[in-house]
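**Q** I have a structure here, written as structure tokens, and I will follow up with some questions on it.
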Amino acid sequence: MRIANHHVSRITTFLLLVEFAIAFTSVYLGAMIRFFDSRHPYSVPYSDNFFMSAIAFAIAVIFSMSALGMYQISYREGLRNTFLRLMPSFALSFALLTLTFYMVPDLYFGRGILGLVMIIAAGLILTIRVTIFKFSEVGLLKSRIVFLGCGALANECRQLLVQNISYHQYDLVGFIAMDGEQCLVPTSELLPKNTDLASVLRRNNVHEIVVSVQNRRGGQFPLQELLDCKLHGIKVIDAAAFFEREACQIRVESLQPGWLVFGDGFNQSFLRKFGKQTFDLLVSILIFVLTLPIMLVTAVLVYLEDRGPILYRQERVGKNGATYMVLKFRSMGKEAEKSGTPQWASNNDPRVTKVGKVIRKLRIDELPQIINVLKGEMSFVGPRPERPFFVEQLCKEVPFYNMRHSIKPGITGMAQVRYAYGASVEDSVQKLQYDLYYVKNNSLFLDVLILIETVQVVLLGKGAR
């Protein structure tokens, strides 16, 4: 389903709501067990703040599970893997609760209750997840899908379907070949088309058909038959929408200007801009205050390593192609680009200092960009800004690359949390497809989701170079 234009799995939404309710209820269950009285077995010690304490516990658990990727669900997980992933989440939630109780003592409900609550919540969440995974094994959560086409685009869709083991689970019924198209999918997965399309799909109990044909012109394209399928309750989408939904990408290869003009999304209204500016301001001030001690320690360490400049200023391309100077903690040597020619970052880059390796891994080097956000040059969430040298090159080689400059660049973004650090034109194409998805579907809801995923990236060190 879609929330604020962003595609969200129903299973994920269901799990999040159920687990929030479990965490909230666990606080009351823990209190009842801790202070059990046979004369009043269902009583809970009254507290004006007990309800808010339960809310705080539930939020801490859900945030921690989200930050550590527990809602990037894999249906192939078993009891053991789920348990091993769940424990670090509860450890993080315990740390967050300890900080919360220190800052707001009125929410504290005692160590004895907290221990019971943690055990109850972890046990119930583990049970509900294992139950859902068991249902997925018997096919109750599967959606039966067919692809119209058998060429290169259909094969790309097949690869995405096979590799995507999270969120959605599909039962691939097969492919329906189109005349004049080279078959690039396994012939064993081709469906016979002896009758009309709707009859074939109904006979195979198909729920959805994806139009993965690159050439839709001419009399060979079964437009009327697809309309019949839709009228008979079978969902019909095209490959671009399939990639957008399943991979949070807008595929450059299949992108048409008409789809950009007449499609939904690309909301740049005054209300959205005002909401984003307010969000940027509040988040930037909060994170600046929370990370100020980390930044001070980083500044000292950067200077002590080679007595060079602490901050690194570099020209980047911002909204509408305007350039500005981005601020970062220096993570490379003083003469990293002494040749004068910009270079892509690479794995184990020899130019990176010892301190630089650590602060890059933890993304601490990006923190001074908060100043750029407060100056209005950047947003907190948005496409990663690139240097003019690379932008000029990429605009020539990558279609629609300049579209990412229709909004402000960000410290973090969809591409940063979903893809590794860009180090080539090919990487830039992959990152652009995530950036286009964000430009099309950006909202406050999506910004919050990306911030939570950023915590996961920082904690687990994903994608850093």
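The values are calculated or read from the model by the stated rules, or taken from the named source; none is laboratory data. Nothing here was measured: the structure is a model prediction, and the numbers come from that model. Virtual Cβ from ideal backbone geometry, glycine too; neighbours counted across all protein chains shown. Calculation scope for accessible area: heavy atoms of the full protein, side chains included, ligands and nucleic acids excluded. Shrake-Rupley method; radii C 1.70, N 1.55, O 1.52, S 1.80 Å.
**Q** On the basis of being at pLDDT 90 or above and in contact with a strand residue (DSSP E or B) (Cβ under 7 Å, 6 or more places away or on another chain), does residue 285 make the cut?
**A** no
**Q** Filter the range 92-121 down to the residues that are touching a helix residue (DSSP H, G or I) at 6+ places or on another chain (Cβ under 6 Å), assigned to a helix (DSSP H, G or I), open to solvent by 30 Å² or more (accessible area, probe 1.4 Å) and among the hydroxyl-bearing types (Ser, Thr, Tyr) and list them by number.
**A** Of everything in the range 92-121, just one residue is touching a helix residue (DSSP H, G or I) at 6+ places or on another chain (Cβ under 6 Å), assigned to a helix (DSSP H, G or I), open to solvent by 30 Å² or more (accessible area, probe 1.4 Å) and among the hydroxyl-bearing types (Ser, Thr, Tyr), namely 100.
**Q** While we're on this one: For the range 355-404, which positions are part of a helix (DSSP H, G or I), closer than 20 Å to residue 304 by Cα, touching a residue at least 40 places away in the same chain (Cβ under 8 Å) and of a type in the set (A, V, I, L, M, F, W, C)?
**A** Across the range 355-404, the qualifying residues are 355, 359, 364.
**Q** Only one residue in 185, 236, 210 is open to solvent by less than 100 Å² (accessible area, probe 1.4 Å), part of a strand (DSSP E or B), within 13 Å of residue 157 (Cα to Cα) and at pLDDT 85 or above. Which one?
**A** Every option except 210 fails the conditions.
**Q** Look at the range 293-314 and say how many of its residues are open to solvent by 70 Å² or more (accessible area, probe 1.4 Å) and part of a helix (DSSP H, G or I).
**A** 9
**Q** Do we find that residue 429 is part of a helix (DSSP H, G or I), modelled with pLDDT under 90, within 25 Å of residue 367 (Cβ to Cβ) and β-branched (Val, Ile, Thr) in this structure?
**A** no
**Q** Identify the residue in the range 374-387 that is farther than 13 Å from residue 431 by Cβ and touching a Pro at 6+ places or on another chain (Cβ under 9 Å) and, among all such residues, is modelled with the lowest pLDDT.
**A** By that ranking, first place goes to 387.
**Q** Pick from 124, 141, 160: which is at pLDDT below 90, farther than 14 Å from residue 190 by Cα and open to solvent by 40 Å² or more (accessible area, probe 1.4 Å)?
**A** Of 124, 141, 160, the one residue that is at pLDDT below 90, farther than 14 Å from residue 190 by Cα and open to solvent by 40 Å² or more (accessible area, probe 1.4 Å) is 141.
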